[in-house]
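See below for the structure under consideration.
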Amino acid sequence: MPVWLLYSFYTTFFLAAAIAVFFFTFTRGALMLRGLMGGSENQTVHVYPLYSNMRLIQLVDFQPIISAILLFQYNRLVMIITSGLSAMNLSGKKVLITSCAFGNVIPKVVESCEDAGASKVLIIDIIQNELKNARRKLARSDDKLEYLEQNATAVRLADGSVAANVIFFLLHELPHHLKGEALREALRVLEPGGKLFLAEFHRPAPWILCALSWTYFKVFEPLGLALWDTHDPCTQFEAIGGVSCERHIVFFGNFQVIIATKK
Ligand SMILES: C[S@@+](CC[C@H](N)C(=O)[O-])C[C@H]1O[C@@H](n2cnc3c(N)ncnc32)[C@H](O)[C@@H]1O
C-alpha cells in the first residue's frame, strides 16, 4: 500500500475518533459523570454541556457540521416545516419555537412565519445561552421576536395561545417521563386547528442503516431509541387524543417530520 494512502487512512481514522470523543465527552459522557456525582434535582440536569456552555455552542453551531450530523438531510427536514408554515394563514397570530437548535432552522422558521403574516414568534429554551445564540443568529432587533427562558415540559403560556409550534430534535434528548409531558404541553398551547411541527429520528427501513443508527443511539443518545417503539410520537398523540397526525418520512425512514393538527 502506498505510504500516502496509509497516512490518509490514519489521519481520517484519528480525526473521526477525535470528533466522536469530543461529542461523547460533552453530551452523554458529561451526563454519566453528573449521574455518578449524585445528579441533581435541577430541571436542566438532562441538558448536555454542549447546549449550555457558550464556547461549545459557538464551536459546534456551524451549518456543515450540523448538516453532517443529520446525514445531510437538514435542509429537507427544515423545508418540510417551512412549507407547512407557509401554507398556513398566520395573519396576526403567534407562533412558538419550543427549544433552540443548531444550524439555520430558527432563522428559516422565523422568516416563513413572518412571510405568512405572524404577529409574533416566541422562542423558548431552558438554557439562557441558547436563547442568546438564537438572537445572535437572527442578527436583528425585531419586536416580533420574543425570547423566553422556559421549560418545554411546563410552558408558561395560555391554552390555545399559538397557531403553530415547532419542535426540532428535542424529544429524543428528553428522559422518557418528560417526552409525554413535552408533547402534552406542545398541544395544550395550540389553538384549535393549530399545527405542531415535530422533527425527529425514526426507525430506518434498511437493516444496515437500522444497525448503524441503533449503535449510534446506544453509544451517544440512548434516550432516543424509544422513539422507534415505546415512545413513538404519533402513538403518544393518539393516547393524548384530540389531534390528527401526518408523518413525513425522510432518508430511508431515518428521520421524520410529524405534522400534528389539533382538532
Ligand atoms: C432541540 S435540541 C436540538 C438538538 C439537535 N442536535 C440540534 O441542535 O439540531 C437542544 C435544545 O433543547 C434545549 N432543551 C433541552 N431540554 C429542554 C427543555 N426541557 N425545555 C426547553 N428546552 C430544552 C437545549 O437547551 C437545547 O437548546
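Derivation of every value follows stated rules applied to the coordinates shown; laboratory data play no part. It should be emphasised that the depicted structure is a prediction, and the values quoted were computed from it without experimental measurement. Neighbour counts are summed over all protein chains in view; Cβ atoms, including those assigned to glycine, are modelled from backbone coordinates with ideal geometry.
The table for this structure:
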read-out: The range 84-105, residues that are within 20 Å of residue 260 (Cβ to Cβ) and within 13 Å of the ligand (Cβ to nearest atom); value: 96, 97, 98, 99, 101, 105
read-out: Output for the range 84-137, where each listed residue is without any contact (Cβ under 8 Å) to a residue 40 or more places away in the chain and of a type in the set (Val, Ile, Thr); value: 106, 110, 121, 123, 124
read-out: Qualifying residue in the range 151-159 (condition: within 21 Å of residue 254 (Cα to Cα), surrounded by 17 or more Cβ atoms within 10 Å (Cβ to Cβ), more than 10 Å from the ligand (Cβ to nearest atom) and in contact (Cβ under 8 Å) with a residue 12 or more places away in the chain); value: no
read-out: Candidates 66, 81, 57, filtered to the one that is in contact (Cβ under 8 Å) with a residue 40 or more places away in the chain, within 10 Å of the ligand (Cβ to nearest atom) and in a helix (DSSP H, G or I); value: 57
read-out: Residue in the range 130-141 that is under 21 Å from residue 60 (Cβ atoms), more than 16 Å from the ligand (Cβ to nearest atom) and surrounded by fewer than 22 Cβ atoms within 10 Å (Cβ to Cβ) present; value: yes
